[in-house]
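Participant: The structure follows.
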Amino acid sequence: MFLEPFTSLPVAESYTFTMEQFVDPESGISDLSYRLLMQISNNIGKDWRQLFQVLPDNYYNAQDVEYFANAIYMDEKPAMRLLHDLATKGQTVRHLISYLEHLRLENALKLLKAPEQLYLVKEPSDGTFQEGSAITIQCSAVGFPYPRYQWFHIFKTRDDSSVTKKLSDGVDKVLKIAKLKQEDSGGYFCQIYHILPDRSRPQMHTKVAYISVTPSYNSSEAQAPVIKREPKSVTTLKGKPVYLDCRAEGKPEPQYQWYKRGHNNELHKKGKEVKWEQADFDDSGSYICKVWNRNGTTWSKEVTVTVLTGGQPQEDAVIKIERQPVDSICLVGAKHTLECQATSKLTLLYQWYKDEKPLEGKTSSKLPFDAVKAEDQGKYYCKICNKAGGSQISNSVNLEIKPTEPFVGYFANDKVALLIGNKAYRGIDALTAVNHDVDMLQKCLQLNLKFKCLSLMNLNRSDIQKAVSIFCDLITENSYAVFYFSGHGFQHLHRTYMVPVDAHFGYTSEESICVQDVQRQIQEKKPALNAMFLDICRSPNENERGPPNTNMESCGRGNSIIFCASNIGSEAFELRGEGGYRPRGIFSDYLVKRLCQKEPLTRIIDQVRLDVGNDSKACRLQFPALQTDLRFPLSLHDPVTKPASFEVNQLYEKFWKPLMVTGKVALSIADVKMTLDYTWAFSNIMRVDIKTIDRTDVDPQLKVDPNSLSIVDLTDRERQSDKCWKVWHIGNIQRAQLSLVVSVIIDSKRHQTKVLFPEIHISKIWNSARRTPVCVEREFPDATSSDFSSGSSGLCGTLDTLSLNRDDQYGCRSGMAS
C-alpha cells in the first residue's frame, strides 16, 4: 500500500489510576457529603425524570414523581430530593453509578466513578465503492470517561507525497460520506481519546482502512459483467481431456480468473475456459470463476470436476455433500464442532484442512474442539474422497475465537428449590397436568440451573408444613430459594392460599396453607432471593365466613418475588392434552420454557406474562400476576460462590437426592424368572418396573408394606405394546419406615423380597421434623392418590378448548363447584 508511515499506529497508551481520590462504591448514598450530593444534583439537572426509567420496578409511582417535581416550589432541586430519598432506601453508590451509566451522565459520573482505560472493540474495514455512492466507516471503543473520536484522511498528492488531514466533521464513532468523489480515495483512521480528571488525554488509534473509489459511467458507456453461460460439472476418465468454460457480457470486456476451492493459488490459465489435455485424479475438485471489469465483479456458480479410473462405474464416484460446515464464533475454552456430511455409494474418506494445511489425524466427518484455544482461529474446509476417484471439497469457513469475557453479575451462596404438586384431591376435582409440570420444572432447575431440588407430590396439610420446615433447613444465608406449588388455590381478603389434598368439600382458609406465611418462614433464613411460583387460581372462596387468623405484616426485604398464574379474582387453567399431547398447565408450560434463558428473573417473568397474553386459548381468561420488591437483576443462572455447609449437604445428599439412584432385583417365582427395576419419579414417588423373562402369560401383582403407602398400576398407560412389562408408582414414600417390603404375587403363590433403599430414610427426618403452624392447627385424614402418571400443570382448572363461554370443557383450579 502507499501509506507506509501509518501501517503501525499506536494501539493504546497504558495508564493507571489511584482509587483513593474516588468514592467507595460500596458506601451508601447517605454517606456522601452534602456538597458532593449538590454537585451530582447540578450535573443531573433536567435529566432527573429519566432516572425513574432505570430505577427498579415499583420503586416510585406517578404521584411520587410529582412530589419530586414540586420541589422547585420549595427552592429545592428535584434531583437533590430524589437523591435524598434513594439514600433513605439504603441505596449504595454502586447503585447510583449504575443508574447514571444507563443515562450516560458523564459529568455526574466523574464525581463518583474511577476512570477506566480505553479499549478498542471495533475497527474500520476496507472497501471498494463506486463514485457518487454514500458510505459509512465505523469504529468503537469503551472506557471512562466516555471516548471521543477524531477521524483522519490519508491521501496522496500529485508529487506522490502522503498527507494526513483532520476531518472537521469526523468527530463521532461513525464517519459518513454522503457522496463519494475520486479524491476521497485513500486511508482513514480514527484517533480515540478521553479527558481524565487531571486534564490528561490518553489516546489510541485504529488501524488504517483503505477506501477505493471507482469512476462512474453512463449506462450507455459502461456495464458491470453479467454471466450469460455458467460452467457445468464434468465427470471423466483419467487421461481424457476436460474443459470448463464461462461466458459473460460487460463494458469494458470482462476478465476471467479460475479458482480451485481450498487452494489459494489461482490457476495458470486465465480466460473464458480452462482445459486439461489429460485429466488426473489431482484435478478432481470444486472450481469457480471470477469475472470482473472496472464497473463490478461477479462469480460463477461452483462446479465439480470428477476424474475416475477406467474400470470404475461413473455413478460410484459421485459424492454429494449433504451438510456444509458453517462460520462460527467461539469463546476461549468453549466446546465446538465443525461438521461436514456427505453421501456416496462407496466408503468416504475425510480430511480436514486449516489455512490450506492438512490436519494430522482429523479424518472424520466431524472436527471437534474440546476446549477452543486462540490459536484455533483460522479458515477450515474438508476434502472428501472415495476409492472410485470421486472428490469433493466443502465450503471454506472461518472459525473466530474471542477471549472469554469476565463475569459481571451476582452470586449465590447456594441454590435450593421445593416443588410441590397436588393433583389427587379427596373432596374436590382432581387435576391432570400437575405431574408433568413438576417433572419438567425439576429437570430445568436441577440439570440446567444447578439447584438442589425437592419434588413432592400429593401432600396433605401436615405434609406441606413439614416439607416447608425441612426446606428451610436447607436454606443458608444469601442463598437462592425457589418455592413452587401447583394445585388448587384461592384468595381470601389480602391472602393467597394453597389447598392440600386432604381438604374437604367446602374447605376454608383454616385447613389450607397461606402463601404469605410460607414466604415469612423462608425469609427468616435470610436468602438473597426468595422466589415463589404459584400455579393456582386466586378467585374468592365463597365458604369463608371471617378474616384469616394470620399476621398481615409485610415480610419483603428487597429479595422477594411472588409470581402467580392468575390475578386476584381470576382463575388458572390447564390443557387436557388430547390428540397425542401431554396435559400441561398454561402458566407452568411457559415458565419452564423461559427459566433456562440467561436473563434477569424479572425479565423472564415479563416474557412469561407476554407468552400467556399471546396464547390464543388463554389470552382472555388467564392473567398472571407479579408481586415483587426485588432490588437487583438477579438470575437463576447466577453461579454459587461457595459450597453449602457440611450439615446442609449431608441432609440433602442423604435424604433428598434419590432421583439419580436406580436398582435392579432378580426374582424367581414358580419357575417364572423376573427382574424388578426401581427408579424415582419424584422425591416421594418410586417407580417399579417388573419384566417377565420369556413369559407373556404371567400377570404379576404388587403389594407394599406399610399399607399406608399408595400404589397405582400404570401398565396400560406406560407399556401397552409389551405384555412382558408391568409398571407401578408407589407414593407417599416419606411416610414409610426404615425399610420397604415389596411383595410380588403370581396366582396364589407369593414371593416376598425386602428392598432396603437408603433414601427411604427420608421418613426418619420427615417424622422428626417440626411442623410450624402456618394457620390455625387442625388435623385431617390423609388422602390416597388415585393416579400419579399423567402430567399435570399445577393450575386450578382444566380445559380442552378455552372460550369466553365457560362450560363443562374446562374447570377452575380453585376447586370450587361450578
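The values are calculated or read from the model by the stated rules, or taken from the named source; none is laboratory data. Since the structure is predicted, the reported quantities are computational estimates derived from the model, not experimental observations. Cβ: placed from backbone, ideal geometry, glycine included. Neighbour counts: every protein chain shown. These accessible areas exclude ligands, DNA and RNA; they are computed on the full protein's heavy atoms, side chains included. Shrake-Rupley method; radii C 1.70, N 1.55, O 1.52, S 1.80 Å.
Participant: Multiply the residue separation of residue 402 and residue 47 by 0.36 nm, subtract the distance between their alpha-carbon atoms, and state the gained length in nm to one decimal.
Facilitator: 124.1 nm
Participant: Another question, then. Mark the label point 7 Å from the Cα of residue 123 along Cα→Cβ and return the residues of the range 153-194 whose backbone N is within less than 16 Å of it.
Facilitator: Only 187-192 pass the distance filter.
Participant: Given a Förster distance of 56 Å, report the FRET efficiency between residue 161 and residue 61 from their Cβ-Cβ distance, rounded to the nearest 0.05.
Facilitator: The calculated FRET efficiency here is 0.25.
Participant: Whole number please: convex hull volume per residue of the Cα set in the range 394-503, in Å³?
Facilitator: 190 Å³
Participant: Moving on to the next point. Between residue 346 and residue 302, what length in nm is gained on full extension when 0.36 nm per residue of separation is reduced by their alpha carbon distance?
Facilitator: So the chain would gain 13.5 nm between residue 346 and residue 302.
Participant: Related question: What is the calculated FRET efficiency for residue 411 to residue 668, with r their C-beta to C-beta distance and R₀ = 56 Å, to the nearest 0.05?
Facilitator: Here the calculated transfer efficiency is 0.55.
Participant: Next question. Translational D (Stokes-Einstein, µm²/s) of the range 440-518 at 37 °C and 0.692 mPa s when Rh comes from the Kirkwood sum over C-alpha pairs?
Facilitator: Stokes-Einstein gives a translational diffusion coefficient of 235 µm²/s.
Participant: Packing-wise, with mean Cβ within 10 Å as the measure, how do 109-119, 691-701, 448-458 rank, highest first?
Facilitator: On the way: 109-119: 17.7, 691-701: 14.0, 448-458: 22.8.
So the order, starting with the most tightly packed, is 448-458, 109-119, 691-701.
Participant: OK, next. Order the peptides 593-602, 433-442 from the highest to the lowest mean number of other Cβ atoms within 10 Å of their residues.
Facilitator: 433-442, 593-602
Participant: If you count, for each residue, the other Cβ atoms within 10 Å and average over each peptide, how do 379-389, 129-139 line up from highest to lowest?
Facilitator: Working: 379-389: 20.9, 129-139: 15.2.
Final packing ranking: 379-389, 129-139.
Participant: Binning at 5 Å from 0, report for the range 54-210 what percent of all alpha-carbon pair distances ends up in each bin.
Facilitator: The distribution over the range 54-210 is 2, 7, 13, 14, 12, 10, 9, 9, 8, 6, 5, 3, 1, 1, 0, given as percents.
Participant: Calculate the FRET efficiency for residue 722 and residue 366 from the Cβ-Cβ distance with a Förster distance of 41 Å, rounded to the nearest 0.05.
Facilitator: 0.70
Participant: Quick one: ranking 603, 620 by accessible area, 1.4 Å probe, largest first, what do you get?
Facilitator: The most accessible residue leads, giving 620, 603.
Participant: Still on this structure: Which of the three applies to the range 497-549, rounded, prolate or oblate, going by the alpha-carbon gyration tensor with a ≥ b ≥ c and a/c under 1.5 meaning rounded? The partial results should precede the final answer.
Facilitator: Working: a/c = 2.44, a/b = 2.03, b/c = 1.20.
Prolate shape, in that a/c is at least 1.5 and a/b is the bigger ratio.
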